[in-house]
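Participant: Have a look at this one before I ask anything.
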Amino acid sequence: MNQNDVVVLNMEERGNKELQNEKTLICNDEEEEIICLDPSFFIDDNYQLTEFTFGSQQIQLFCLQSASTDFDLTGQLVWPGAMLLNDYLSKNVEMFQGSTVIELGSGVGITGILCRRFCNKVVLTDHNEEVLKIIQKNIELHSCPENISPTSHGLVAEKLEWGNTDQINEILQKHPGGFDIILGADIYILIQLLQVKEGGKCKFILAYVSRAKMMDSMIISEASKSNMHMNEVPGTKCIVGNLEGVIYEITLK
């Protein structure tokens, strides 16, 4: 190997390094590229007709068997809190006879649809458009074959994003008499809805499932700050799945 050979080798080595550096820059650029996916990529609408039993009550509806949580679609399946609340409803039918009810965060609508068997009217709400579609599908499933209009048999779905005053007011304009009972599972209450019942007090029934001790104390603290009284219903504390659940009755002080 002579001196010219060394120069040639050094030039080749430098060229290879520069080529490698260029490839690295290209790779880094590719890694930093942001890919925007259409929301439909996350949507799973492979709903299965599923039967549930609560005491003597049986109900069928469409739902997912596992959560699709990547795009805020947790409302597509039935959660432990809804199972706890429906069990309570089935054991306290007389409480709901002839009442007007609104359910917050209805998901697939399992609680509201069961409740309609005892109530005069039930308004099911959720904020997600995809979840509202499955609520409507389940409402139609439980409609009379000759009339699938949801308002004709006391079941109606409304969009309600918590904190959206316009949507709350729109619901109250459609239902000016207010509501006797508010239902919810694993949610926080909208205090505006508690305040509008004319001629009597509105009661909020919450099925609460404990997932963190910090949340347990926080929900009681927040209720107190909002001038609400939380009363644990005796005999309702139980294990739902592997979590501890309980029913609260909440009223304004």
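Every number in this text was worked out from the coordinates using simple rules, so none of it is lab data. Computed from a predicted structure; not experimentally measured. Because the Cβ atoms are built from the backbone with ideal geometry, glycine has one as well, and the counts that use them run over all protein chains shown.
Participant: In whole Hz, with x marking every Gly and Pro, tabulate ³J(HN,Hα) for the range 109-125 from phi via Karplus 6.51 cos²θ - 1.76 cosθ + 1.60, θ = phi - 60°.
Facilitator: x, 5, 6, x, 5, 5, 4, 4, 5, 10, 9, 6, 8, 10, 9, 9, 10
Participant: When the chain is fully extended, how far beyond the present Cα-Cα distance does K253 get from C238, taking 0.36 nm per residue of separation?
Facilitator: Length gained, K253 through C238: 2.7 nm.
Participant: Report the calculated FRET efficiency for T50 and Q97 (r = Cβ-Cβ distance, R0 = 41 Å), to the nearest 0.05.
Facilitator: E(calc), rounded to 0.05, equals 0.90.
Participant: Additional query: Could you please report the charge total around R211, scoring K, R as +1 and D, E as -1 over all other residues with beta-carbon less than 11 angstrom from its beta-carbon?
Facilitator: Values: positive: K213; negative: D186, D216, E244.
So the environment of R211 carries a net charge of -2.
Participant: Which cross-chain or sequence-distant (5 or more) residues have an amide H under 5 Å from the amide H of T125, H modelled 1.01 Å from N in plane?
Facilitator: Those qualifying (amide H under 5 Å, at least 5 residues apart or on another chain) are E103, G105, S106, E158.
Participant: Now, a different point. Could you sort 108-114, 46-52, 175-181 so that the peptide with the highest average Cβ count within 10 Å comes first and the rest follow in order?
Facilitator: 108-114, 175-181, 46-52
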